[in-house]
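The values are calculated or read from the model by the stated rules, or taken from the named source; none is laboratory data. As the structure is a computational prediction, the values presented were derived from the model and not from experiment. Cβ coordinates were reconstructed from backbone atoms using ideal geometry, including for glycine residues, and neighbour counts include every protein chain displayed. Just so you know, the surface numbers come from the protein's heavy atoms only, side chains and all, with ligands and any DNA or RNA stripped out. Shrake-Rupley method; radii C 1.70, N 1.55, O 1.52, S 1.80 Å.
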Amino acid sequence: MNLFVLFLFCVIFHNVISLMPMPKAIQKGEQVVKIENKCSLRYQATEDQYPDFILELLEHFHTLMTPKQCNFKQSFGFSNDLGVMKVFMQIESFEQLYGVETTNQESYRLDIDNELNVYIQVNNHWGLVRALNTLNQLSEKGEIHDLPLTIEDEPTYSYRGILIDSARHFLSVQLIERTIDSLVMNSMNTVHWHITDDESFPLLLTEYPGITHSTKYSENSYYTINDTTRIVEYASKRGVQIIPSFDSPGHSMSWGMTKELADIMMMCGSTIKQYGVLDPTLEKTYQVLESILKDFYQMFKKVKFVNFAGDEVSKTCWDQRPEIKVFMQNNNINDYFELQSYYRRRQKQLWKDVIKAEQDIIYLYRKEDNLPLDKEDIIHWWGDTDQLPFVADKPNRIILMDYFPLFIDAGFGNAFGNPYSVYHTWKEIYKWTPSLPEGSLNTIIGGEVPLWGETNNQNTHFNKLYMRTSVIAETLWNPKVKETEKFASFVKRLIQMEDRMTKQGFPVTPVTHGYCRKNTELCFPVLSEEEQKEQIQTE
């Protein structure tokens with residue numbers, strides 16, 4: 001049976017299978033088998049067959065799928081017991097991955113027969129994470145339906161992420177690890193970690209620790225190399241990549257908050273001086289930048305990508321220093337646009353030629369940020385959706401982070417208590433599907449939900465992320481399902497995902513109230529008013 005037929009098979013029976021994200025291809029039977037044994041998970045192998053990082057992954061899912069009293073070490077070894085899920089795993093590669101670049105790297109095949117024999121075929125441990133997450137959802141009610149069951153699955157996009165912001169409010173290592181666990185439940189695979197900004201620089205630097213200590217919010221609110229290494233390793237073992245980000249030459253007030261470095265930064269803003277821009281004409285700026293980049297590389301040397309942002313540079317801020325104009329004249333730099341390009345070239349030269357870093361660079365990009373790009377650079381689009389034609393002529397990979405509707409910090413006001421945009425609901429996010437203008441030279445590798453931190457801290461973190469992130473998680477995994485699935489069926493699955501996350505202790509925002517949970521078809525017959533009018537006319 002080919003993949004397309006299997007997909008149709010999946011859609012026809014979506015009222016029974018309530019997975020999220022919905023797999024692309026499902027072939028199934030009619031039998032229901034109860035999981036009799038509480039310690040229901042047995043790996044048909046021995047511990048010494050797997051490296052430690054895979055054992056840690058298996059233990060994570062064992063904790064999710066069995067009661068606390070069940071011993072993980074006793075889950076290894078062959079068993080003929082009835083009512084026990086016996087898991088056979090075929091893993092092509094035992095290399096520990098810290099990122100993926102193709103969707104095939106996360107593909108998996110999952111077969112379950114009538115005796116609860118579970119056969120998993122994957123390329124690596126990232127695919128294993130996705131397969132075990134699906135198995136967890138299938139078995140969560142103590143029985144598995146539609147046996148025998150075969151699922152063949154692969155994401156549509158290789159980059160499926162969120163942005164977290166530790167510069168505006170410090171986020172503990174434990175909270176970031178918990179965030180990674182929440183992504184695993186939703187088959188998301190990327191944390192874009194916006195670490196530094198104007199307000200603070202919570203990475204402990206080797207040569208310039210004053211940058212960190214002069215801007216930290218409390219005694220221990222910064223990250224050491226041990227912290228960053230721990231987070232990167234934790235994420236890798238769960239099939240999630242960390243993409244660290246620090247912004248310059250704008251968003252850099254924190255760099256110059258010590259007397260030692262005050263000269264490399266200019267303060268901007270009209271009444272509240274809280275924005276900073278580096279002086280790109282000073283050699284001292286690049287001495288500091290080189291040192292920071294060396295620390296940054298040591299902290300994140302295993303990651304696959306880095307994000308250097310480069311957005312919202314206040315050009316008028318450079319007007320403060322006449323010396324900048326003189327430098328531009330002496331170096332044939334015609335305007336501030338070219339001056340920022342000069343800074344970016346030198347930053348990349350330090351990263352690639354001096355430090356010898358191999359990670360590709362991602363830059364935040366919108367209509368106003370129309371700077372030159374090299375072919376290997378990745379565009380991180382954060383502009384309005386209708387302005388995407390402005391980058392259509394660039395043959396670069398692109399990550400979509402459309403301002404509307406993906407900015408989930410919108411609608412909560414800004415740091416000064418003033419209104420900021422409008423709240424983007426889960427339904428508005430559901431309507432969004434990745435797309436590029438006709439004839440575009442870009443290649444979409446995925447999308448991202450940003451949770452900027454001006455009004456977000458550990459108390460609001462998961463509430464703002466979910467359930468809206470769950471919606472985009474499915475769109476990035478399997479956007480095709482929206483073309484055939486009834487809207488009420490999707491909402492039912494989203495409500496079940498809410499229950500799943502609540503059970504695991506995540507304080508998420510409810511999808512709807514209790515009445516509509518029980519009467520989903522009545523409350524959510526169609527997605528939009530236009531569809532409802534068409535339905536009435538048809539009837």
Item checked: List 218, 528, ordered by accessible area with a 1.4 Å probe, largest first -> 218, 528
Notebook entry, point to check: Share of antiparallel DSSP beta bridges in the chain, in percent to the nearest 5?
Noted result: 30 percent
Check: For the range 199-275, what is the accessible area per residue in Å² when the probe is 1.4 Å?
Finding: 39 Å²
Check: Taking the Cα centre of the range 42-199 as the origin, how large is its charge dipole in debye, to the nearest 20, when only Lys and Arg (+1) and Asp and Glu (-1) carry charge on their Cβ atoms?
Finding: 380 debye
Notebook entry, point to check: For the range 67-77, in order, what is each residue's ³J(HN,Hα) by Karplus, 6.51 cos²θ - 1.76 cosθ + 1.60 with θ = phi - 60°, in whole Hz (x at glycine and Pro)?
Noted result: x, 4, 6, 7, 8, 4, 4, 7, 7, 9, x
Item checked: Vicinal HN-Hα couplings computed from phi for the range 146-153 (Karplus, 6.51 cos²θ - 1.76 cosθ + 1.60; Hz; Gly/Pro x) -> 6, 8, x, 10, 10, 10, 10, 9
Margin query: Helix 283-299 against the longest principal axis of the chain: what's the angle in degrees, Cα atoms only, rounded to the nearest 10?
Written below: 20 degrees
Check: Do any of 73/237; 375/480; 216/259 go past 23 Å between their Cα atoms, and which?
Finding: 375/480
Notebook entry, point to check: Treating the beta-carbon of each Lys and Arg as +1 and of each Asp and Glu as -1, no other charges, what is the dipole magnitude of the chain about its Cα centre, to the nearest 20 debye?
Noted result: 700 debye
Note to self: Quick check: the distance between the Cα centres of the range 306-334 and the range 27-77, to the nearest angstrom?
What the structure shows: 58 Å
Next item on the list: Take the Cα of residue 502, step 7 Å along the line toward its Cβ, and report every residue of the range 449-482 whose backbone nitrogen sits under 20 Å from that point.
Entry: 459-472
Next item on the list: Sort the following peptides by mean Cβ neighbour count (other Cβ atoms within 10 Å, averaged over residues), highest first: 346-358, 455-467.
Entry: 455-467, 346-358
Checklist line | Long-range amide H partners of residue 243 with built H, under 5 Å | finding: 191, 192, 193
Notebook entry, point to check: Given a cut-off of 32 Å, what percent of all Cα-Cα pairs of the chain lie beyond it?
Noted result: 47 percent
Item checked: Equivalent ellipsoid dimensions for the range 18-66 as semi-axes, Å, which come from the Cα gyration tensor, largest first -> 25, 16, 12
Check: Residue-wise, which Karplus ³J(HN,Hα) couplings in Hz belong to the range 332-344, taking 6.51 cos²θ - 1.76 cosθ + 1.60, θ = phi - 60°, and x for glycine or proline?
Finding: 6, 9, 7, 8, 5, 4, 5, 5, 5, 5, 4, 4, 5
Check: Hey, if we sort 62, 213 by accessible area with the 1.4 Å probe, largest down, what's the order?
Finding: 213, 62
Note to self: Quick check for you: with a 1.4 Å probe and neighbouring chains kept, what is the accessible area per residue of the range 354-505, in Å²?
What the structure shows: 40 Å²
Notebook entry, point to check: How many Å² of accessible area per residue for the range 69-157, probe 1.4 Å?
Noted result: 41 Å²
Next item on the list: For the chain, find the longest principal axis of its Cα atoms and tell me its angle to the long axis of helix 3-12, 0 to 90°, nearest 10.
Entry: 70 degrees
Checklist line | Helix-only mean residue ellipticity at 222 nm for the chain, each DSSP H run of n ≥ 4 adding -39500 (n - 2.57), per residue, nearest 500 | finding: -9500 deg cm²/dmol
Notebook entry, point to check: Does anyone have the angle between helix 125-139 and the longest principal axis of the chain? Alpha-carbon axes, 0 to 90°, nearest 10?
Noted result: 50 degrees
Check: Along the positive direction of the dipole of the range 48-107 (beta-carbon charges: Lys, Arg +1; Asp, Glu -1; about the Cα centre), which of 88, 51, 67 reaches farthest?
Finding: 67
Margin query: Under a Cβ-only charge scheme (Lys and Arg +1, Asp and Glu -1), can you give me the dipole magnitude of the range 185-256 about the Cα centre, in debye to the nearest 20?
Written below: 360 debye
Check: So what does residue 53 come to for accessible area, using a 1.4 Å probe and Å² rounded to 10?
Finding: 20 Å²
Notebook entry, point to check: Given a 1.4 Å probe and every protein chain left where it sits, what share in percent of the accessible area of the chain is carbon and sulfur?
Noted result: 49 percent
Checklist line | Spin-label model distance (nm) - residue 412 vs residue 320, 7 Å beyond Cα toward Cβ | finding: 3.0 nm
Margin query: If packing is taken as the average count of other Cβ atoms within 10 Å, what order do 228-236, 336-344 fall into, highest mean first?
Written below: 228-236, 336-344
Checklist line | Violating pairs (Cα-Cα greater than 26 angstrom) within the set 68/141; 141/492; 28/304; 482/518 | finding: 28/304
Notebook entry, point to check: By how many nm would the segment from residue 273 to residue 81 lengthen if fully extended, with 0.36 nm per residue of separation less the alpha-carbon distance?
Noted result: 62.2 nm
Margin query: I'd like to compare 135-141, 328-334: which one has the highest average count of other Cβ atoms within 10 Å, and what's the full order after that?
Written below: 135-141, 328-334
Note to self: Under the rule of at least 5 residues apart or a separate chain, name every residue whose amide H is placed under 5 Å from the amide H of residue 223.
What the structure shows: 203, 204
